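Step one of this worksheet: look at the structure below.
The values are calculated or read from the model by the stated rules, or taken from the named source; none is laboratory data. No experiment lies behind these values; they were computed from the predicted model shown. Every residue, glycine as well, gets a Cβ built from its backbone with ideal geometry; the counts of neighbours run over all protein chains shown.
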Amino acid sequence: MESIIHLPESIIHLINLRMLCLGGWRVEDITIIGELKNLEILDLALSRIKELPKKIAQLTRLWLLDLSWCGALKIIPPNVLSSLSKLEELYMEGSFAEWENEGVVGNERRNARLDELNNLSRLTTLHVNIPDVQMIPKHGFIETLDRYKVLVGDYNEFE
């Protein structure tokens, strides 16, 4: 039996909250976190989220986002990550690897593109999975990082 923890509505009253650690919690829906405008650190490692809500883009003070080992995470809407202009550290190891390619044709993209990370001028630390080595040279953000771990290919092979 799988239990799901829903965040209480009362969390929106924590208007001055700067750090929220939900690492290891069985939480799936985190949409309400987008209301915590003063949040600077958000740890969702090992959570069961399937999608990073668009409302996360409202966390413009966020400088650390940890999505490590969120195995169910398959959707990060376009422009959510690039909206986090103060982001310095992004951890996604063992997690999301569904990056869209630039050449995707269609009415609407479902997922973020790797080149969105180019908009994060303060990014110094990145742990990420990239499905294809050909994607790496196209993206300048790699050159500005101080610390990084880039896994290329299927991350399940590294578990």
Practice task
Only residues in the stretch 44-67 that are farther than 21 Å from Thr124 by Cα and without any contact (Cβ under 8 Å) to a residue 60 or more places away in the chain count as the first member; pair them with residues that are aliphatic (A, V, I, L, M) and in a strand (DSSP E or B), Cβ under 8 angstrom, at least 6 apart or cross-chain, and list the lot.
Solution key: Ser47/Val27; Arg48/Val27; Ile49/Val27; Lys50/Ile75; Glu51/Ile75; Leu52/Ile75
Practice task
For the stretch 40-113, please list each of the strands (runs of 3 or more DSSP E) lying entirely inside it that holds at least 3 residues being among the β-branched types (Val, Ile, Thr), under 21 Å from Val133 (Cα atoms) and at pLDDT 95 or above.
Solution key: none
Exercise for the section: Quick one: which residue in Glu100, Glu93 is within 28 Å of Glu143 (Cα to Cα), more than 14 Å from the chain's Cα centre (by Cα) and crowded, with 17+ Cβ neighbours inside 10 Å? Expected result: Glu100
Practice task
Name the single residue, out of those in the stretch 1-39 being in a helix (DSSP H, G or I) and within 15 Å of the chain's Cα centre (by Cα), that is surrounded by the fewest Cβ atoms within 10 Å (Cβ to Cβ).
Solution key: Thr31
Problem - Neighbours by Cβ (under 9 Å, 6+ apart or cross-chain): first from the stretch 21-41, more than 22 Å from Glu88 (Cβ to Cβ); second assigned to a loop (DSSP other than H, G, I, E, B) and small (Gly, Ala, Ser) - result: Gly24/Ala45; Gly24/Ser47; Trp25/Ser47; Arg26/Ser3; Arg26/Ser47; Val27/Ser47; Glu28/Ser47; Glu28/Ala72
Handout entry: Any chance Ile49 is surrounded by 19 or more Cβ atoms within 10 Å (Cβ to Cβ), in contact with a Cys (Cβ under 9 Å, 6 or more places away or on another chain) and of a type in the set (A, V, I, L, M)
Key = yes
